[in-house]
Amino acid sequence: MSFQVREVQATPNPNAAKFVLDQPVTQQPMSFFNAQAAKGHELAEKLFAIPGVSSLLLLGDFITVNKSADARWDQITPKVKSILAGK
């Protein structure tokens, strides 16, 4: 399944960004605090393959991506959008 990112919202945490999608990604909240926890969830595994991604929250029509402090959003955001688009 592919998603269009409608908006990327800043959060009070500078190491977290909310990716608002064009359709629901899940009906139940799903949190992955590391790549190991994402094993078996195809989308989460792909997002954790992006260097710097440290945790994920999937809920309704958005995904909150947390990054490590030394990672840069300008390197992570395009990769997140590409994965969500199914590319």
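The values are calculated or read from the model by the stated rules, or taken from the named source; none is laboratory data. The model shown is predicted, which means the values in this text are computed figures rather than measured ones. Quick reminder, even Gly has a Cβ in these numbers, built from the backbone with ideal geometry, and neighbours come from all protein chains shown. Surface accessibility is based on the protein's heavy atoms, side chains included, excluding ligands, DNA and RNA. Shrake-Rupley method; radii C 1.70, N 1.55, O 1.52, S 1.80 Å.
Structure values in brief
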{"read-out": "Accessible surface ranking that places the most exposed of Met1, Met30 first, with a 1.4 angstrom probe", "value": "Met1, Met30"}
{"read-out": "Integer Hz, Karplus 6.51/-1.76/1.60 couplings in order for the stretch 12-22, x for Gly and Pro", "value": "x, 8, x, 9, 9, 9, 9, 9, 8, 9, 7"}
{"read-out": "Cα-based Kirkwood hydrodynamic radius, the chain, one decimal, Å", "value": "12.7 Å"}
{"read-out": "Surface share of carbon and sulfur [accessible, 1.4 angstrom probe, percent] for the chain", "value": "51 percent"}
{"read-out": "Mean ellipticity per residue at 222 nm, deg cm²/dmol - from DSSP H runs of n ≥ 4 across the chain, formula -39500 (n - 2.57)", "value": "-6500 deg cm²/dmol"}
{"read-out": "Cα-centre dipole for the chain with unit charges at Cβ (Lys and Arg positive, Asp and Glu negative), debye to 20", "value": "140 debye"}
{"read-out": "Per residue, in Å², the accessible surface of the stretch 1-57 once ligands and nucleic acids are set aside, probe 1.4 Å", "value": "62 Å²"}
{"read-out": "Rounded to whole Hz, the Karplus (6.51, -1.76, 1.60) HN-Hα couplings of the stretch 27-37, x for glycine and proline", "value": "8, 10, x, 9, 10, 10, 8, 6, 5, 4, 5"}
